[in-house]
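The values are calculated or read from the model by the stated rules, or taken from the named source; none is laboratory data. This is a predicted model, so every value here is computed, not measured. Ideal geometry is used to build each Cβ from the backbone, glycine not excepted, and the neighbour counts take in all protein chains shown.
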């Protein structure tokens, strides 16, 4: 685990520290996620990624640089099939700027595929990382977000994704918000104090559908929630 990249004398300056976006219940969700990430570009300019789900398979695209540099191609968007997607724009506070650290991170569990995008800092990430390595967990990135993935993998609460995620989140400390995608489920959560921003919304211009939701990291606080696709 690497040390934070920010210089200590820069701590009094505004750093947005990543942006996350999720959407469910909308055809071509990845295209909407790309637009959402454009609106959050100010939160991170190092890299961007999107993971989508089409009801059977997960699809992903990650790249270094701005959102427009990675999701300006119709061919890329067309490969990200499905009515649910999550995305991330990166401002690194831990881990080097390499493709393996670009989020959303994806993992295959016994309950199925799972993708996660994270905004914020885990203050006990180093301690958890050391404990997980000692238990035999293999890390493929240097991002503290992967700590959450491994905590889900070794959770003792059984096969339900929500129970596993709750068990994992109870072990992390710091200021954070996350969006997750698991099969037909979009999940949003933030730290108990609501320090990191997360907004739950339903676009008024779209047809009334109870399963149409967006989750976005913006400059205000919001509730935690989850929504399932119809």
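Every condition in (1) outside any helix (DSSP H, G or I); (2) crowded, with 17+ Cβ neighbours inside 10 Å is met by residue 142 except one, and the failing one is (2).
Considering only residues that are part of a loop (DSSP other than H, G, I, E, B) and modelled with pLDDT of 95 or more, look in region 57-82 and name the one that is nearest to residue 121 (Cα to Cα). Applying the filter and picking the extreme gives 80.
Total residues in region 83-107 satisfying the condition of being in contact with a helix residue (DSSP H, G or I) (Cβ under 8 Å, 6 or more places away or on another chain), at pLDDT 85 or above and either under 17 Å from residue 35 (Cβ atoms) or surrounded by fewer than 20 Cβ atoms within 10 Å (Cβ to Cβ) (or both): the figure is 8.
When region 145-162 is filtered for residues that are in contact (Cβ under 8 Å) with a residue 40 or more places away in the chain and in a loop (DSSP other than H, G, I, E, B), the ones remaining, listed by number, are 159, 160. Restricting to region 42-60, name every residue that is within 17 Å of residue 77 (Cβ to Cβ) and surrounded by fewer than 24 Cβ atoms within 10 Å (Cβ to Cβ). Once the filter is applied, which keeps residues that are within 17 Å of residue 77 (Cβ to Cβ) and surrounded by fewer than 24 Cβ atoms within 10 Å (Cβ to Cβ), region 42-60 yields 54, 57, 58, 59, 60. A single member of 148, 187 is modelled with pLDDT of 95 or more and farther than 20 Å from residue 43 by Cα, and it is 148.
Would you be able to say whether some residue in region 108-121 is over 21 Å from residue 184 (Cβ atoms) and surrounded by fewer than 15 Cβ atoms within 10 Å (Cβ to Cβ)? No, because not a single residue in region 108-121 is over 21 Å from residue 184 (Cβ atoms) and surrounded by fewer than 15 Cβ atoms within 10 Å (Cβ to Cβ).
Within the span defined as region 169-180, one or more residues are on the phi < 0 side of the Ramachandran plot and part of a helix (DSSP H, G or I). Condition (residue is surrounded by fewer than 18 Cβ atoms within 10 Å (Cβ to Cβ), under 23 Å from residue 101 (Cα atoms) and touching a helix residue (DSSP H, G or I) at 6+ places or on another chain (Cβ under 7 Å)) applied to region 179-191: is it met by at least one residue? No, the conditions are met nowhere in region 179-191.
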